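S.K.: First, the structure itself, so that you have it in front of you.
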Amino acid sequence: MPNAVNRETLHEDIIAELEQDALMWARLSIEKLVCSVRCDEHGRVAEIVCEGRSFDDLRFYVSGCCEDLVLAAKGKLG
């Protein structure tokens, strides 16, 4: 039965790696979306920090030069 255990471990490792890749692409996509928002008044772009090691605990912090920019960037997130 060692082969069954090794296959199960390999399967879990592959799933974990795929989840991390999906998380990375989600972060990059969200960062690109938020950073595309530019302040009409100041000309600056919004900034975002993504934290979390899984989709379940993923958190975003949006900042910018003014409240209007932050609200516009958050609006892009839905």
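S.K.: Using Cα-Cα distances under 8 Å and only pairs 6 or more residues apart, what relative contact order does the chain have, in percent? Could you put the intermediate results ahead of the total?
M.R.: Values: 77 pairs, mean separation 19.0, N = 78.
This gives 24 percent for the chain.
S.K.: Now a separate question. Would you compute, from DSSP H runs of 4+ residues alone, the mean residue ellipticity of the chain at 222 nm, taking -39500 (n - 2.57) per run and dividing by the full residue count, rounded to the nearest 500? Before the final figure, lay out the partial values.
M.R.: Numbers: 2 runs with 45 residues, N = 78.
That comes out to -20000 deg cm²/dmol.
S.K.: When N counts the residues of the chain, how does its alpha-carbon radius of gyration compare numerically with 2.2 N^0.38 Å, as a ratio? Provide the component values of the computation, followed by the final result.
M.R.: Numbers: Rg = 18.4 Å, N = 78, 2.2 N^0.38 = 11.5 Å.
Relative to the rule-of-thumb radius for its length, the chain sits at 1.59.
S.K.: Same structure again: Need one number: nm distance between label points at Leu10 and Asp56, each 7 Å from Cα along Cα→Cβ, rounded to one decimal.
M.R.: Calculated label separation equals 2.7 nm.
S.K.: Among Leu58, Gly75, Gly43, pick out the residue whose Cα is farthest towards the positive end of the charge dipole of the range 2-77, where Lys and Arg carry +1 and Asp and Glu carry -1 on C-beta, about the Cα centre.
M.R.: It is Gly43, whose Cα lies furthest towards the positive end.
S.K.: Something else about it: To the nearest 20 debye, what charge dipole does the chain have about its Cα centre, counting +1 at the Cβ of each Lys and Arg and -1 at the Cβ of each Asp and Glu?
M.R.: Numbers: 9 positive and 15 negative charges, 51 e Å.
It works out to roughly 240 debye.
S.K.: Then there's this: Helix 2-35: angle to the longest alpha-carbon principal axis of the chain, degrees 0 to 90, nearest 10?
M.R.: 10 degrees
We did not get these values from a lab; they are worked out from the coordinates using the rules stated. None of the values given here were measured: they were computed from a predicted structure. Glycine also receives a Cβ, built like all others from the backbone with ideal geometry; neighbour counts cover every protein chain displayed.
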